[in-house]
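Just so it is clear, none of the values below were taken in a lab; they were calculated from the coordinates. Worth saying up front: this structure is predicted, and the values here are computed from it rather than measured. Glycine gets a Cβ as well: all are built from the backbone with ideal geometry, and neighbour counts include every protein chain shown.
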Amino acid sequence: MSRVIAIAGAKGSPGCSFLAVALARRLAEGQVSTLLLDADAEGGGVAALLDLGPADASNANSADEPAIEVDQNLSFAEIGNASAEVFNGLQWLSDARARHQAVIVDLGHSTGSLQRQLSAAADWLLWVVVPDRSGLQRADAALASGALGAASAGLIFNRVRRGCLEGAEAALASRHQLPILGRFAEDRQVAARLTRGLPVHRVWSLRRPLRELAKSIHPDAGAAVLAWR
Ligand SMILES: Nc1ncnc2c1ncn2[C@@H]1O[C@H](COP(=O)(O)OP(=O)(O)O)[C@@H](O)[C@H]1O
Ligand SMILES: [Mg+2]
């Protein structure tokens with residue numbers, strides 16, 4: 001069973017790339033064969049978060065061009081800016097589905113035709129939102145615009161800290177009729193590990209929310225995550 005999971009946010013770097021990398025690593029570690037695609041029109045920098053040099057990053061221009069192996073069960077590809085007009089996202093995703101159990105797509109926060117195409121073909125669209133005043137306002141506007149859609153969608157609150165607007169999280173969810181699929185705390189270790197290109201999914205505060213998220217969005221994650229403690 002293959003699942004395509006697209007990740008998007010409104011402006012302001014809510015943590016799309018962070019979530020894409022953490023979720024992809026988590027699934028891969030749970031023996032789910034996973035492909036991570038950086039499709040951020042402004043350059044998501046996922047390669048850097050995986051500690052891959054720019055020269056290593058494969059250009060996903062053509063469906064025949066293989067993604068690069070990052071780790072056991074984890075491959076990575078990116079769509080360069082220049083190739084966005086000629087890239088056939090639907091074809092690419094259908095090839096990717098045939099080869100991988102999970103395809104995680106980092107759409108970033110700038111919506112063009114490619115991002116719309118990829119999200120329309122996704123099983124899940126995860127909106128990453130920082131639950132402070134500007135993060136919630138931006139997310140509200142992005143969601144109301146209806147620019148992106150997928151078979152199912154949900155909200156992920158990231159960088160949650162004390163004093164965040166808790167009632168507002170529920171208000172956003174009910175206003176847009178979206179389930180809340182995860183809450184990730186603001187954690188200094190996350191930023192420290194990300195900037196050094198170190199795997200981030202094992203940071204203690206992320207374990208439970210990542211496990212719960214993986215179970216909600218991927219049927220194969222159910223058995224595998226039993227081993228994750
Ligand atoms: N839960 C978190 N705790 C602490 N820092 C975080 C967290 N999530 C993201 N960050 C930091 O926020 C910044 C933006 O994250 P990133 O994933 O690159 O955002 P986006 O892809 O949405 O632009 C990065 O410096 C990252 O280290
Ligand atoms: Mg990014």
### Query
Only one residue in Ala48, Ala39 is within 16 Å of ligand 1 (Cβ to nearest atom) and surrounded by fewer than 24 Cβ atoms within 10 Å (Cβ to Cβ), so which one is that?
Ala48
## Note on the structure
Of the residues in segment 189-223, those that are among the charged types (D, E, K, R), within 13 Å of ligand 1 (Cβ to nearest atom) and in contact (Cβ under 8 Å) with a residue 40 or more places away in the chain number 1
### Message
If the requirement is being more than 18 Å from the chain's Cα centre (by Cα) and of a type outside the set (D, E, K, R), which of these qualifies: Gly167, Gly135, Gly182?
### Response
Gly167
#### Entry: Among the residues listed as Ser174, Ser119, the single one being among the hydroxyl-bearing types (Ser, Thr, Tyr) and surrounded by fewer than 20 Cβ atoms within 10 Å (Cβ to Cβ)
Ser174
### Query
Pick from Ala144, Ala153: which is away from ligand 1 (no atom under 16 Å from the Cβ), surrounded by fewer than 17 Cβ atoms within 10 Å (Cβ to Cβ) and without any contact (Cβ under 8 Å) to a residue 60 or more places away in the chain?
Ala144
#### Entry: Close pairs (6 angstrom Cβ cut-off, 6 or more residues apart or separate chains): in contact (Cβ under 8 Å) with a residue 40 or more places away in the chain and at positive phi in segment 1-25, part of a strand (DSSP E or B) and more than 10 Å from ligand 2 (Cβ to nearest atom) anywhere
Gly15/Asn158
### Count of segment 194-206 residues which are part of a helix (DSSP H, G or I) and closer than 22 Å to Ser13 by Cα
4
